[in-house]
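In what follows, a structure is listed as structure tokens, so that the remarks can point back to it.
The values are calculated or read from the model by the stated rules, or taken from the named source; none is laboratory data. Quick caveat, the model's predicted, so the values are computed rather than measured. A quick note on method: Cβ atoms are made from the backbone with ideal geometry, for glycine too, and the neighbour counts reach across all protein chains shown. Keep in mind that these areas ignore ligands, DNA and RNA; they rest on the heavy atoms of the full protein, side chains included. Shrake-Rupley method; radii C 1.70, N 1.55, O 1.52, S 1.80 Å.
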Amino acid sequence: MANFSIQFCQTQLDKYVAAEEKVLSGQSYSIGGRSLTRANLADIRNGIEYWNDKLAVAKSVGTSGRRMKMRRTIIHG
């Protein structure tokens with residue numbers, strides 16, 4: 001499973017959010033006899049969810065390249 005950088009994940013997520021905004025403003029249009037239909041909104045939302053998850057993983061990895069683990073210490077007596 002590939003680990004992506006925080007910056008890459010954020011860039012991808014930003015692209016999907018921008019795509020969602022464009023689809024919500026108009027799914028298709030025509031200019032000069034040519035038409036364009038934007039991507040499926042459900043596919044875009046799946047991409048947003050995917051990159052949100054990848055971003056969370058990238059943030060949990062930190063700069064060491066390893067996933068950070070939380071540890072709890074209990075002091076007795």
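Listed values, structure above:
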item	result
Within the stretch 20-65: Cβ-based charge dipole about Cα centre, in debye rounded to nearest 20 (Lys, Arg +1; Asp, Glu -1)	140
Radius, Kirkwood style, for the stretch 3-43 when every pair of distinct Cα atoms is counted (Å)	11.8
Label point distance in nm, LEU36-VAL17, each placed 7 Å from Cα along Cα→Cβ	2.2
From phi via Karplus (6.51, -1.76, 1.60), per-residue ³J(HN,Hα) for the stretch 25-36 in Hz, x at Gly/Pro	7, x, 6, 8, 7, 10, 9, x, x, 9, 10, 10
Accessible area, probe 1.4 Å, largest first, for residues GLU20, GLU49	GLU49, GLU20
